[in-house]
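Colleague: Following this message is one structure expressed as C-alpha cells.
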Amino acid sequence: MISIIISSTSHVFLENVTKNITETVGLTFEIISFDNTDGRKGLSELYNEGAKKAKYDLICFMHEDVNIKTENWGAIVANIFDQNQKVGLIGLAGSSYKTLVPSGWFCDAGAKITNYVNMLQRYKFSETETKLVYQNPKDSLIAKVTAVDGVWFCTKKSIVAEYPFDGKLFQKFHCYDLDFSFSVSQSYDVMVTFEILLEHFSEGNYDRTWIEETLKLHEKWSHYFPVDNEGLSKKEKFIAEKYSFRVFIKQMLTVGYSRFEIFKIFWNSPLCKQNFSLFFKLMKEVRRTQIS
C-alpha cells in the first residue's frame, strides 16, 4: 500500500498522471493532491502536509508532468524497502558525490562517472528531442547516492516524521529534494533504483530563484559538504568542484548577476571560509578559461 503525494498546477496533467498511476502502480494506493495553481505554497510545506494526511507508511512524492513506464512499480518500491531496512529514500536520479561548491544533484568528475540516472527526458525550454538519460557506472539495480532529484522519490511516513521537509528555509520549489536527502542520509541510505523508468515532460528551470535557494542550501549544509560515496581521488574531486563552479557561475551570469556580485557572494560564502585554498584555485581556473 502506498500514498502518492502531488502538488498540482494543471488539471490536465493531474488527470493524466492519475490515470497512469492507476494503470501501473500495481498495489493498493491513494493519491493526495493539492491544487497549487497560484503557487502560494512551497513544496516543503505541501509535502509535510501530505505526509501527515497519508494513510499508508510507504509514501511517494512526485511531479504531475510525468508518465511512469514500469508496470507494478509500487510493488518494486515496497520490495526495496522490505529487503533493506537501512534504505530511507529511493529516487530515479542522483550522484554519489556532492560538491562543496553550490550545485544541483548532478556532478561531473571527468572520466569517473558519479551520476546514477534512468529517465526518459523531454525538453520544455529547448528544441532538444526526447532522450533516454541513463548512467549506471556499476551496472547495478540500485546504487547509493548523496541525494536524489525531486521529480519522483519514495520514502516512509515515519521517516518524514523524523526528518520533515524544511518549510521554514525552503518556501518555494527548489532544493527541498536535496535538503530532504541530506537529512535522511544522516540515518539511512539514499538510493537510485534502475528497476523503474519514468518519462519527465520538462527539464529543470535554473532561474534566479534556483540560484538563491541553492546558496541557502549550501549555507545550511556547509559543515557536511563535500560528500563522497564514490571514493574519488584528489584530482577527480577537483575536477568535480571545478565543473560545478563553472556551471554555477555561468548560470549566475545568465540570470543577471554581475561579476562583482558573484565575487562578493562567493567571498562571503562557506566555500571561501571553509576551504580558501580550493576557492582560490577555482577562481584562478575560471579566470584562465573565461566563462562566456
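Colleague: Residues in the range 232-246: is at least one more than 21 Å from D179 (Cα to Cα), aliphatic (A, V, I, L, M) and modelled with pLDDT of 85 or more? Walk me through how you get there before you give the answer.
Modeller: Step one: of the range 232-246, the residues more than 21 Å from D179 (Cα to Cα) are 232-239, 242-243, 246.
Filter once more, so that each one left must be aliphatic (A, V, I, L, M): 232, 239.
If we keep only those that are modelled with pLDDT of 85 or more as well, we get 232, 239.
Scanning the range 232-246 turns up at least one residue that is more than 21 Å from D179 (Cα to Cα), aliphatic (A, V, I, L, M) and modelled with pLDDT of 85 or more.
Colleague: Looking at the range 127-162, which of the residues that are among the β-branched types (V, I, T) and in a strand (DSSP E or B) is surrounded by the fewest Cβ atoms within 10 Å (Cβ to Cβ)? Spell out the reasoning first.
Modeller: Applying the first criterion (among the β-branched types (V, I, T)) to the range 127-162 yields 128, 130, 133, 142, 145-146, 148, 151, 155, 159-160.
Now narrow it down to the ones that are in a strand (DSSP E or B): 133, 142, 148, 155.
Values: V133: 14, I142: 18, V148: 29, T155: 27.
Checked the range 127-162; the qualifying residue surrounded by the fewest Cβ atoms within 10 Å (Cβ to Cβ) is V133.
Colleague: Please go through the range 1-42 and pick out each residue that is among the charged types (D, E, K, R) and within 21 Å of the chain's Cα centre (by Cα). Please lay out each step first, then the result.
Modeller: Of all residues in the range 1-42, those among the charged types (D, E, K, R) come to 15, 19, 23, 30, 35, 38, 40-41.
If the condition is that a residue be among the charged types (D, E, K, R) and within 21 Å of the chain's Cα centre (by Cα), then K41 is the only one that fits.
Colleague: Still on this structure, I have one more. From the set of residues in the range 98-119 that are polar (S, T, N, Q) and assigned to a loop (DSSP other than H, G, I, E, B), which is surrounded by the most Cβ atoms within 10 Å (Cβ to Cβ)? Explain how you work it out, then say what you get.
Modeller: Going residue by residue through the range 98-119, those that are polar (S, T, N, Q) are 99, 103, 114-115, 118.
Keeping just the survivors that are assigned to a loop (DSSP other than H, G, I, E, B) gives 99, 103, 114.
Values: T99: 26, S103: 24, T114: 24.
Only one residue fits best here, namely T99.
Colleague: Collect the residues in the range 192-221 that are under 17 Å from V101 (Cβ atoms) and modelled with pLDDT of 90 or more, keeping them in residue-number order.
Modeller: Restricting attention to the range 192-221, the residues satisfying the condition of being under 17 Å from V101 (Cβ atoms) are 206, 210-221.
Answer for the range 192-221, where residues must be under 17 Å from V101 (Cβ atoms) and modelled with pLDDT of 90 or more: W210, I211, E212, E213, T214, L215, K216, L217, H218, E219, K220, W221.
Colleague: Checking D65 against (1) over 17 Å from the mean Cα position of the chain (by Cα); (2) under 19 Å from F13 (Cβ atoms), only one condition comes out false. Which one?
Modeller: (1)
Colleague: Tally the residues that are surrounded by fewer than 17 Cβ atoms within 10 Å (Cβ to Cβ) and either modelled with pLDDT of 95 or more or in a helix (DSSP H, G or I) (or both), restricting the search to the range 2-19.
Modeller: 7
Colleague: In addition: Which ranges mark the helices (runs of 4 or more DSSP H) fully within the range 199-288 that have 1 or more residues being touching a Gly at 6+ places or on another chain (Cβ under 9 Å) and surrounded by fewer than 17 Cβ atoms within 10 Å (Cβ to Cβ)?
Modeller: On the way: elements: 208-220, 234-254, 259-267, 270-274.
Filter on the range 199-288 gives 208-220, 234-254.
Colleague: Quick one: in the range 155-188, which of the residues that are closer than 25 Å to I211 by Cβ and aliphatic (A, V, I, L, M) is modelled with the lowest pLDDT?
Modeller: Filtering the range 155-188 for residues that are closer than 25 Å to I211 by Cβ and aliphatic (A, V, I, L, M), the one modelled with the lowest pLDDT comes out as L169.
The values are calculated or read from the model by the stated rules, or taken from the named source; none is laboratory data. These figures come from a predicted structure and were not determined experimentally. Using ideal geometry, Cβ is built from the backbone for each residue, glycine included, and neighbour counts are taken over all protein chains shown.
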